[in-house]
Structure formats: structure tokens, C-alpha cells
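Peer 1: What follows is a structure written as C-alpha cells; I'll ask about it next.
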Amino acid sequence: MIKFATVGTGWITESFIQAASLSEQFQLVGVYSRTEDKAKQLANQYNASHFYTDVDEMAKSEEIEAVYIASPNSLHFEQALTFLKNKKHVICEKPIFSNTVELEKAYETAEENGVYLFEAIRNIHTPNFKILKEKLPMAGQLRSAVLPYMKYSSRYDLFLKGEEPNIFSSVYSGGALVDLGVYPLYLAVCLFGEPKKVSYHPVVLRSGVDGSGTLLLDYEGFVCTVLCSKIVDSIIPCEIHGEKGTFVLEDAAPISEIKYLDTHTKEIQILSVNQEEQNMVYECINIAGIIETNNNQEYEQLKDWSKIVLKITEEARKQNQIVFNADK
């Protein structure tokens with residue numbers, strides 16, 4: 001059992017706590033919040049023995065082996081460094097950091113202290129993703145892919161009223177691409193590799209971040225189109241088109257269903273399997289396995305994917321003068 005603590009008190013933190021428990025690989029021993037009441041409430045709710053309102057104090061605890069960070073995006077880096085320097089494994093919710101300078105520094109710090117640093121991205125750890133990756137050659141020569149992830153955010157209502165929620169703020173490294181676009185972007189990178197060229201076409205909001213956008217990834221012989229938004233909804237499935245057939249994914253995360261349409265026979269196969277409803281359990285199991293067995297080969301693969309994804313989102317922002325405070 002890996003004894004872990006959490007930073008953040010939102011729904012995603014609770015989901016991770018539930019998934020960690022379901023994995024039977026983690027034991028929650030501490031929670032952090034800026035306010036004592038919230039920290040105490042979450043600790044009581046999930047039977048954590050400690051709660052904290054001071055990150056430095058939490059990082060020094062000898063009982064904690066790993067920390068899951070789900071604070072506002074711009075806070076990830078400094079918090080991660082604090083825990084890494086205190087020899088805690090860090091699992092950081094996507095997007096892992098604001099830019100590649102932060103990423104390189106954090107990986108360097110993790111290595112210096114003999115611990116692991118992970119980006120929490122649930123879809124690439126699921127059984128259905130592994131099936132898709134294995135079966136991808138069935139489609140033959142790939143010719144195009146369309147990978148949407150577009151969900152209207154309730155916080156956009158607040159934005160329209162004149163407020164600036166974290167996810168729509170450059171101060172907190174927000175925006176559609178880094179928040180939702182990373183799911184289909186991860187699919188593209190993990191399935192097709194690093195693209196030769198990137199081109200991003202966003203809808204930039206008054207706060208200076210993207211509320212919506214179309215990301216074009218150029219590969220040898222085909223283009224992958226990633227659609228992301230937090231200001232509109234979509235029910236378009238993901239599709240990967242090859243000369244022999246087409247894969248249809250019900251969604252980019254958690255990839256609940258995969259169909260394969262044969263171009264010539266028109267036969268449709270269901271390739272997906274049933275997955276746990278709490279689908280974050282798969283990343284918990286995989287991360288725990290890497291930590292406990294020192295599986296550096298798989299760890300290096302995850303590191304490479306994180307680096308490529310962050311490099312792409314950073315380039316996409318630069319093309320459109322989308323600047324985070326963390327970049328300055």
C-alpha cells in the first residue's frame with residue numbers, strides 16, 4: 001500500500017480518492033486545503049488521519065509517500081517541487097504544468113530526489129485505450145482523424161456575468177486546450193507519435209485564454225484534427241480513418257466504446273470491453289505498479305508523452321499570443 005495525501009478539495013480530488021481506494025494500491029493518510037474547515041471535512045469524509053493547511057508542513061510528513069495534486073493549474077509547479085524535494089512521489093492532475101520550462105525542472109528535481117513524477121491523465125491507462133492501440137493497424141494506412149472533446153462549462157455562465165473563474169484565467173493557466181483538449185491530444189500523441197507540425201485556431205476570450213479551438217496535427221500522410229471547447233457542447237464521436245477501415249470512439253475520455261467499420265465489407269465490430277465506472281482506477285493501478293516495481297521503462301514512456309503534449313500546447317498558445325502569468 002502506498003500512503004498518499006491530496007492537494008485540492010474539488011470533485012476531481014474526490015474521484016481520485018475513490019479510484020485509489022478501489023485500486024487497493026493506495027491508502028489515504030492526509031488531505032490539504034487552504035481552509036481548515038474544508039481540509040477537516042474531506043479528511044473526515046474519507047477517513048484520512050491528518051489534514052493540513054500548510055503545504056510545507058505536509059511535505060515534511062514521514063508518513064506520506066506520494067501526493068496527488070489537483071489545485072489550480074498555475075499552482076502545480078511550486079507545489080510539486082515542494083513535495084519532490086521532500087522525496088514524495090507526485091501525481092499531478094492534467095495539465096501537469098504551465099510550460100515546458102517547469103516540466104523539465106520538475107523532472108530534474110524528481111530524479112535528483114529518487115522519486116517519480118506523473119501526469120494524471122485517465123484515458124490512456126484504460127483497457128479500451130490499450131485495445132485501440134493494439135488494433136490500430138487494422139485500419140491500414142491512416143488518412144485522417146477527428147478527435148473532439150467539447151463540453152460546456154457551468155463556469156462559463158459566471159464568466160459571461162463578468163467574473164473570471166480559474167479555468168478561464170491566464171493567471172491560473174486556464175483555457176480549453178490545456179483543460180479538455182489534452183484528452184484527445186494525448187490520444188493522438190500516444191497513438192500516432194509526435195506530429196511534424198502544429199497549428200491552432202482558437203476562440204480567444206476577453207481574459208486572454210481560449211474558450212474553444214481547433215488544433216491541427218500534421219503527420220506523414222494525414223492530418224489529425226483535435227476539437228476542444230468549454231463554451232459549447234458536442235456529441236460528435238471521435239473517428240480515426242484508414243484505407244482499410246474506420247475506428248469510431250464514443251468519447252476521448254474514458255473511451256467507453258470502440259467500433260470498427262470495415263471499408264470494404266461494411267461490417268461493424270465492437271472492440272471495446274466494459275470498464276469500471278470509476279475509470280480513474282486504471283491510472284491508479286498503473287502508477288502504483290511503476291512505483292512499487294521501479295518500472296522505469298514504462299515511466300520513461302509516460303514522461304515522453306507528457307513532454308510532447310505540453311510542448312504542443314505551449315506551441316499552440318505561442319502561435320496565438322496566449323500567455324500565462326507562469327510564462328513571464
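The values are calculated or read from the model by the stated rules, or taken from the named source; none is laboratory data. All values derive from a computational prediction rather than experimental measurement. For neighbour counting, all protein chains shown are included, and Cβ atoms are generated from backbone atoms with ideal geometry for every residue, glycine included. Surface areas here come from the heavy atoms of the whole protein model, side chains and all, with no ligands, DNA or RNA. Shrake-Rupley method; radii C 1.70, N 1.55, O 1.52, S 1.80 Å.
Peer 1: Report, by residue number, each residue of the stretch 198-225 that is under 27 Å from residue 164 (Cβ atoms), in contact with a helix residue (DSSP H, G or I) (Cβ under 7 Å, 6 or more places away or on another chain) and either among the hydrophobic types (A, V, I, L, M, F, W, C) or part of a loop (DSSP other than H, G, I, E, B) (or both).
Peer 2: Of everything in the stretch 198-225, those that are under 27 Å from residue 164 (Cβ atoms), in contact with a helix residue (DSSP H, G or I) (Cβ under 7 Å, 6 or more places away or on another chain) and either among the hydrophobic types (A, V, I, L, M, F, W, C) or part of a loop (DSSP other than H, G, I, E, B) (or both) turn out to be 205, 207, 209, 215.
Peer 1: Let me ask something additional. Just to verify a result, which residue in the stretch 143-166, among those that are open to solvent by less than 20 Å² (accessible area, probe 1.4 Å) and of a type in the set (A, V, I, L, M, F, W, C), is nearest to the chain's Cα centre (by Cα)?
Peer 2: Looking at residues that are open to solvent by less than 20 Å² (accessible area, probe 1.4 Å) and of a type in the set (A, V, I, L, M, F, W, C), I get 147.
Peer 1: Okay, moving on. Give me the pairs: first residue in the stretch 291-310 and touching a residue at least 12 places away in the same chain (Cβ under 8 Å), second residue open to solvent by 80 Å² or more (accessible area, probe 1.4 Å), beta-carbon distance under 6 Å, and six or more apart or on different chains, which are they?
Peer 2: 308/194
Peer 1: Same structure again: If you check 74, 61, 144, which single one turns out to be touching a residue at least 40 places away in the same chain (Cβ under 8 Å), part of a loop (DSSP other than H, G, I, E, B) and of a type in the set (S, T, N, Q)?
Peer 2: After applying the criteria, what remains is 61.
Peer 1: For the stretch 125-158, which residues satisfy the criterion of being among the charged types (D, E, K, R) and farther than 25 Å from residue 19 by Cα?
Peer 2: 134, 135, 143, 155, 157
Peer 1: Can we say residue 94 is of a type in the set (Lys, Arg) and within 22 Å of the chain's Cα centre (by Cα)?
Peer 2: yes
Peer 1: Quick check: anything in the stretch 176-197 over 18 Å from the mean Cα position of the chain (by Cα) and in a loop (DSSP other than H, G, I, E, B)?
Peer 2: Yes, that holds for at least one residue.
Peer 1: Going through the stretch 98-131 one residue at a time, which ones are of a type in the set (A, V, I, L, M), in a strand (DSSP E or B) and in contact with a His (Cβ under 9 Å, 6 or more places away or on another chain)?
Peer 2: 117
Peer 1: Quickly run through the stretch 33-48 and pick out the residues that are within 23 Å of residue 285 (Cα to Cα) and outside any helix (DSSP H, G or I).
Peer 2: Residues satisfying the conditions are 46, 47, 48.
Peer 1: Answer with yes or no whether residue 84 is of a type in the set (A, V, I, L, M) and either out of contact with any Ser or Thr (no Cβ under 6 Å at 6 or more places or on another chain) or within 18 Å of residue 184 (Cβ to Cβ) (or both).
Peer 2: no
Peer 1: Follow-up question, since we're still on this one. So residue 172 clears everything in (1) surrounded by fewer than 21 Cβ atoms within 10 Å (Cβ to Cβ); (2) part of a loop (DSSP other than H, G, I, E, B); (3) out of contact with any Asp or Glu (no Cβ under 7 Å at 6 or more places or on another chain) except one condition, right? Which one?
Peer 2: (1)
Peer 1: Can you name every residue in the stretch 85-105 that is touching a strand residue (DSSP E or B) at 6+ places or on another chain (Cβ under 6 Å) and either open to solvent by less than 20 Å² (accessible area, probe 1.4 Å) or under 20 Å from residue 183 (Cβ atoms) (or both)?
Peer 2: 88, 90, 91, 92, 93, 94, 96
Peer 1: Sort out which residues of the stretch 99-122 are in contact (Cβ under 8 Å) with a residue 24 or more places away in the chain, under 21 Å from residue 175 (Cβ atoms) and β-branched (Val, Ile, Thr), and write them in order of number.
Peer 2: Matches in the stretch 99-122: 100, 121.
Peer 1: Among the residues of the stretch 179-198, write down those that are open to solvent by 10 Å² or more (accessible area, probe 1.4 Å) and not small (Gly, Ala, Ser).
Peer 2: 179, 180, 183, 191, 192, 194, 195, 196, 197, 198
Peer 1: Here's something else I'd like to know. What are the residue pairs meeting all of these: first residue in the stretch 151-164, first residue among the aromatic types (Phe, Trp, Tyr), second residue modelled with pLDDT of 95 or more and open to solvent by 90 Å² or more (accessible area, probe 1.4 Å), Cβ atoms under 9 Å, and 6 or more apart or on different chains?
Peer 2: Taking only residues 6 or more apart or on different chains, the pairs are 152/233; 159/206.
Peer 1: Being part of a strand (DSSP E or B) and among the polar types (S, T, N, Q) is the filter here, so list the residues in the stretch 258-296 that pass it.
Peer 2: If the condition is that a residue be part of a strand (DSSP E or B) and among the polar types (S, T, N, Q), then 269 is the only one that fits.
Peer 1: What's the total number of residues in the stretch 231-245 that are assigned to a loop (DSSP other than H, G, I, E, B) and under 10 Å from residue 149 (Cβ atoms)?
Peer 2: 2
Peer 1: Given the condition modelled with pLDDT of 95 or more, under 19 Å from residue 80 (Cβ atoms) and not in a helix (DSSP H, G or I), answer yes or no: does some residue in the stretch 152-167 qualify?
Peer 2: no
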